Amino acid sequence: MAEGAKRRTVLVTGAAVLAVPLVACGGNKSGGNESSGRTLGDTGEIPEGGGKIFKDQKVVVTQPAKGDFKAFSAICTHEGCTVSRVADGTIDCPCHGSRFHIADGSVAHGPAKRPLPPKSIKVKGNSIQLA
């Protein structure tokens, strides 16, 4: 009898463990954007005419003109590499040399043919947050 009790305990425990992820998956009402509202950094970190890559969030934030902050996906539209630097007015991908304009994410130099998708951000005081 003790052996049967152990087996039922394992089965019940296994079912409970499986139920937890299902509840967690169904509870997100934000449309899948779990990082919405997360602070990326301070406006002082983004140089005018340049930008900064936030690798963990896969976002690059630029400041093409003083006080004008833009954000784009940090994933190159050519082969899916993460961009590696922002310099000389472009966001640069190390894999095949694609470059994108910091003002609008459009292609400055291929092989990429599509622009970097824009990301929504909001600036509150000196804080830059994902919207």
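The values are calculated or read from the model by the stated rules, or taken from the named source; none is laboratory data. None of the values given here were measured: they were computed from a predicted structure. Quick note on the areas: whole protein, heavy atoms, side chains included, nothing else; ligands and nucleic acids left out. Shrake-Rupley method; radii C 1.70, N 1.55, O 1.52, S 1.80 Å.
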Exercise. Taking segment 52-131, how many lysine pairs are there with alpha carbons less than 13 Å apart, if each pair must be eight or more places apart or span two chains?
Worked result: 4
Exercise. Got a number for the accessible area of SER120? Probe 1.4 Å, square angstrom, nearest 10.
Worked result: 80 Å²
Seminar exercise, completed: Phi angles of segment 92-108, converted by Karplus (6.51 cos²θ - 1.76 cosθ + 1.60, θ = phi - 60°) into ³J(HN,Hα) in whole Hz with x for Gly and Pro, give 10, 9, x, 6, 9, x, 5, 9, 10, 5, 6, 6, 9, x, 5, 6, 9
